[in-house]
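Trainee: Sharing a structure with you now.
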Amino acid sequence: MGNPAGVKRNFDDLEKRRLQAAKLLKKGIHEAEVARRVGVHRQSVNRWARQLTETGIAGLKKAGRAGRKPLLSEADLDKIREALKRGPEALGYETSLWTAWRVADLIERECGVKYHAGHVWKVLKSLGWSCQRPTTRALERDEDTIRRWKTRRWPELKKKPS
């Protein structure tokens, strides 16, 4: 069955349910009735009953976190956070624009962990950084002239209803 998309498993509640089922099984209640009371499939209760006889109550305790352990420690993330604040120029890049490739290079230099540029955004998101594109404007741009053109010349050129 699994979980609906976006719903995280609550490992504490799952453990409570297994331990509740174990108490009922120890009282001699049939597996089908335990399944109804706990709100799970009978096959799950059957599996828990087997675990209970093989490993005892310890076999029904939660296993801990699910999935692969993170490659970067909190200390590594702090190093990356500080290096990001220093800017790409500190790594020898010509511009002040962080790209995914540059951040991947930063992570490898600072922490020795190789990340594909396509996955760097996960690290940046965990650090509170977001994807942004810089506003590209010409260095020669004259704001006063632009403002005058918009307020005086543009209204003259703009078509008006007849």
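The values are calculated or read from the model by the stated rules, or taken from the named source; none is laboratory data. Treat the numbers as computed from the prediction; the structure is a model and nothing was measured. Heads up, the Cβs are rebuilt from the backbone with ideal geometry, glycines too, and the neighbour counts pull from every protein chain shown.
Trainee: Starting from region 73-89, keep only residues that are under 17 Å from Arg102 (Cβ atoms) and modelled with pLDDT under 95, then list their pairs with residues that are outside any helix (DSSP H, G or I) and among the β-branched types (Val, Ile, Thr) whose Cβ atoms are within a distance under 7 Å, requiring at least 6 positions of separation or different chains.
Mentor: Note: pairs meeting the criteria are Pro88/Thr95.
So that you can scan it fast, the table gives a plain yes or no per residue for (1) within 23 Å of Thr136 (Cβ to Cβ); (2) more than 20 Å from the chain's Cα centre (by Cα):
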| site | (1), (2) |
| --- | --- |
| Gly59 | no, yes |
| Glu94 | yes, yes |
| Lys114 | no, no |
| Trp121 | yes, no |
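Trainee: Next up: When you scan region 85-141, how many residues do you find that are out of contact with any helix residue (DSSP H, G or I) (no Cβ under 6 Å at 6 or more places or on another chain), within 21 Å of Glu74 (Cα to Cα) and among the hydroxyl-bearing types (Ser, Thr, Tyr)?
Mentor: 2
Trainee: Looking at Ala66 and the list (1) touching a Cys at 6+ places or on another chain (Cβ under 9 Å); (2) touching a residue at least 40 places away in the same chain (Cβ under 8 Å); (3) of a type in the set (Gly, Ala, Ser), which single condition is not satisfied?
Mentor: Here Ala66 meets the rest and fails (1).
Trainee: Could you pull out the residue among Glu54, Glu110 that is closer than 30 Å to Gln20 by Cβ, among the acidic types (Asp, Glu) and out of contact with any Leu (no Cβ under 6 Å at 6 or more places or on another chain)?
Mentor: Glu54
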